[in-house]
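All remarks here apply to the structure that follows.
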Amino acid sequence: MHDSIDFPIVFLGALYAGVVPVPVNTLLTAADYAFMLDHSRAQALLVSRALWPTLQGALAASGRTLPVIVSGGNEPAPDGTRAFAHLLDAAPLAQPTDTRADDIGFWLYSSGSTGRPKGAVHTHANLYWTAALYGAPVLGLREGDVCFSAAEAVLRLWPRNALTFPLSVGATTVLMAERPTPAAVSSAGPSRR
């Protein structure tokens with residue numbers, strides 16, 4: 001998924017529900033995605049609308065059939081998929097799943113620079129402890145701060161830099177759906193918040 005409001009909703013909602021999210025880099029190839037789908041044994045796919053064509057190729061390459069939910073826009077979902085916005089509208093408020101600090105929370109894949117990407121497993125406590133031990137005491141984040149992370153949501157730093165660090169102190173996070181190139185970041189001013 002691109003870095004839009006849907007990503008933290010999905011990521012945090014999955015943790016709340018006891019589902020293990022596996023966010024992946026938005027710049028990979030269909031072959032990379034097919035490997036990760038198979039390796040992680042994913043049971044569903046939630047994808048930004050702009051990335052759906054590449055993920056269709058990944059599903060075809062993996063030979064798997066998964067439920068697909070498409071995020072972004074109010075347009076009807078592509079054939080064979082469901083629209084994330086409609087699921088949110090219809091979702092009842094649920095109780096959180098009873099998870100423990102050392103339960104598997106989420107996976108993040110390595111870059112694959114030494115071969116195939118490795119799925120690094122993180123526990124529920126990992127997000128809490130990195131915020132408690134680094135976000136506030138080392139970075140000095142406070143409630144009035146505004147945070148922007150040029151690292152995309154799927155990179156190892158993003159869940160902390162742009163999600164748990166700011167949210168743990170009540171700070172604001174700025175999200176940017178397009179690729180955070182220097183030109184795109186420098187043109188993103190206060191009017192884009």
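The values are calculated or read from the model by the stated rules, or taken from the named source; none is laboratory data. What you see is a predicted model; the values in this text were computed from it and never measured. Cβ atoms come from the backbone with ideal geometry, glycine included; neighbour counts cover every protein chain shown. Ligands, DNA and RNA are excluded from the accessible area calculation, which covers all protein heavy atoms including side chains. Shrake-Rupley method; radii C 1.70, N 1.55, O 1.52, S 1.80 Å.
Projected onto its three principal axes, the C-alpha set of the chain covers 48, 44, 41 Å, listed from the longest axis down. Here is how the number arises for the chain: DSSP H runs of 4 or more residues each give -39500 (n - 2.57), the sum is divided by the residue count, and the result at 222 nm is -8500 deg cm²/dmol.
Taking amide H as placed 1.01 Å from N in the peptide plane, the amide H of Ala77 sits under 5 Å from that of Ala83, each at least 5 places away or on another chain. Label sites at Leu139 and Asp103, each approximated as a point 7 angstrom past Cα along Cα to Cβ, lie 2.6 nm apart.
Per residue, the solvent-accessible area of segment 1-110 (1.4 Å probe, heavy atoms of protein chains only, all protein chains present) comes to 55 Å².
Which percent of the accessible heavy-atom area of segment 66-144 goes to carbon and sulfur, probe 1.4 angstrom? Accessible surface attributable to carbon and sulfur in segment 66-144 totals 56 percent.
Projecting the Cα positions of Ala125, Phe7, Leu139 onto the charge dipole of the chain (unit charges on Cβ atoms of Lys, Arg, Asp and Glu, taken about the Cα centre) puts Leu139 furthest along the positive direction.
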